[in-house]
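Asks: Have a look at this one.
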Amino acid sequence: MSKSSETLSSRSAWLSPQKQLFYARLINLGALLGLLVVLAGSLHLQFGVGEQPCPLCLVQRSGMIGLSIGPIMNLLWGIRARHYALSILAAFIGGMGSVRQILLHIEYGDPGYGPVYLGFHLYTWALITSVIGAIGCALLLMWETPLRMDDRGVLGHRGWLRAATLFVVIWVTVDLVIITVSVLPECGLGMCPDDPADIAGLGDMVGWLVLLGIAVLSAVIGVVLDRRLPEKPAEA
C-alpha cells in the first residue's frame with residue numbers, strides 16, 4: 001500500500017460514513033444560511049432603503065434562489081449529485097447576470113449602479129456568491145461517501161437538524177414569494193424598467209427589524225413543524 005493510501009485510510013478510520021453524511025448536511029445547511037444573508041441584504045435595500053431592483057438584479061436574485069434549491073433537496077430528500085448539478089446551473093445563470101451588469105459599468109469613471117458595500121457593488125457580490133456556490137458544489141461532488149449512502153434526507157428524523165432545515169426552507173420560500181410579488185407593481189406583465197424609480201422605504205432600522213421578524217417567524221414554524229411531523233420508524 002502506498003504512503004498516500006495509508007494516510008487516507010488512517011484519516012477515514014475516525015470519520016465514519018454516518019459522520020461524513022452529518023458533516024455534509026451541515027455544510028449544505030450553512031450554505032443555505034449564507035445565501036439567506038445575501039438575499040436579506042438585497043431585500044433590505046429594496047424595502048428598507050427603497051431602491052427598486054433592476055432587471056439584471058432580478059436575474060441575480062433568481063440565480064441565488066436557484067442556487068439554494070440543491071442544498072434544500074439534499075437536506076429534505078437526500079444528498080444526490082443531480083441536486084448539486086441544479087445549483088451549479090443556477091449559479092451559472094445568476095453569474096451571467098452579474099457579469100453583464102459589471103460590464104455595463106466597467107468604463108473608467110463610471111460610478112456603477114446602486115450602493116457599495118466593503119468596496120463592491122451588490123452585483124459584484126452576487127458574482128462572488130455565484131462563483132463560491134459553484135465551486136463549493138463542485139468540491140462536494142468529489143466527496144463520494146455522502147453520495148453513496150442512499151441518504152433519504154432529514155424529514156424522517158425529529159431533532160434540531162430537521163427543525164433547522166425546515167426553518168431555512170420556510171425562509172427561502174418567504175423570500176421567493178416576496179421577490180415574486182414585489183415584481184408585479186414594478187414590472188406588471190411586461191418588461192421591467194432598466195432604471196426603476198425608488199420608492200419610499202420603511203427605513204433602515206425598520207427594514208432590518210422586519211427581516212429579523214421573518215427569520216424569527218420562520219424559525220418558530222420550523223420548530224413547530226419538527227414536533228408535529230411524524231418520525232420514520234427505526235429499522236429493525
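Asks: Picking from Pro146, Pro233, Pro193, which residue would you name as being part of a loop (DSSP other than H, G, I, E, B) and either farther than 25 Å from Leu58 by Cα or at pLDDT 90 or above (or both)?
Replies: Values: Pro146 fails: part of a loop (DSSP other than H, G, I, E, B); Pro193 fails: either farther than 25 Å from Leu58 by Cα or at pLDDT 90 or above (or both).
Testing whether each residue is part of a loop (DSSP other than H, G, I, E, B) and either farther than 25 Å from Leu58 by Cα or at pLDDT 90 or above (or both) leaves just Pro233.
Asks: Looking at the structure I just gave you, is Val183 surrounded by fewer than 19 Cβ atoms within 10 Å (Cβ to Cβ), free of Cβ contacts under 8 Å to residues at least 40 places away in the same chain and not charged (D, E, K, R)?
Replies: Numbers: surrounded by fewer than 19 Cβ atoms within 10 Å (Cβ to Cβ): yes; free of Cβ contacts under 8 Å to residues at least 40 places away in the same chain: no; not charged (D, E, K, R): yes.
Answer is no for this residue.
Asks: If a residue has to be surrounded by 15 or more Cβ atoms within 10 Å (Cβ to Cβ) and at positive phi to count, how many in segment 104-126 make the cut?
Replies: 2
Asks: Now for a separate question. Give just the number: which of (1) acidic (Asp, Glu); (2) free of Cβ contacts under 8 Å to residues at least 24 places away in the same chain; (3) touching a Cys at 6+ places or on another chain (Cβ under 8 Å) does Asp110 not satisfy?
Replies: (3)
Asks: Part of a helix (DSSP H, G or I), at pLDDT below 90, surrounded by fewer than 19 Cβ atoms within 10 Å (Cβ to Cβ) and under 17 Å from the mean Cα position of the chain (by Cα): is that true of Ile178 in this structure? Step through it out loud before you land on a result.
Replies: On the way: part of a helix (DSSP H, G or I): yes; at pLDDT below 90: yes; surrounded by fewer than 19 Cβ atoms within 10 Å (Cβ to Cβ): yes; under 17 Å from the mean Cα position of the chain (by Cα): yes.
Here the answer is yes, as Ile178 does meet what is asked.
Asks: Residues to consider are Leu155, Leu161, Leu139; find the one that is closer than 27 Å to Ile214 by Cβ, out of contact with any strand residue (DSSP E or B) (no Cβ under 8 Å at 6 or more places or on another chain) and not in a loop (DSSP other than H, G, I, E, B). Break it down stepwise before answering.
Replies: Numbers: Leu155 fails: not in a loop (DSSP other than H, G, I, E, B); Leu139 fails: closer than 27 Å to Ile214 by Cβ.
Of Leu155, Leu161, Leu139, the one residue that is closer than 27 Å to Ile214 by Cβ, out of contact with any strand residue (DSSP E or B) (no Cβ under 8 Å at 6 or more places or on another chain) and not in a loop (DSSP other than H, G, I, E, B) is Leu161.
The values are calculated or read from the model by the stated rules, or taken from the named source; none is laboratory data. Predicted model, so just to flag it, every value in this text is computed and none were measured. FYI the Cβ positions are ideal-geometry reconstructions off the backbone, even for glycines, and counts take in every protein chain you see.
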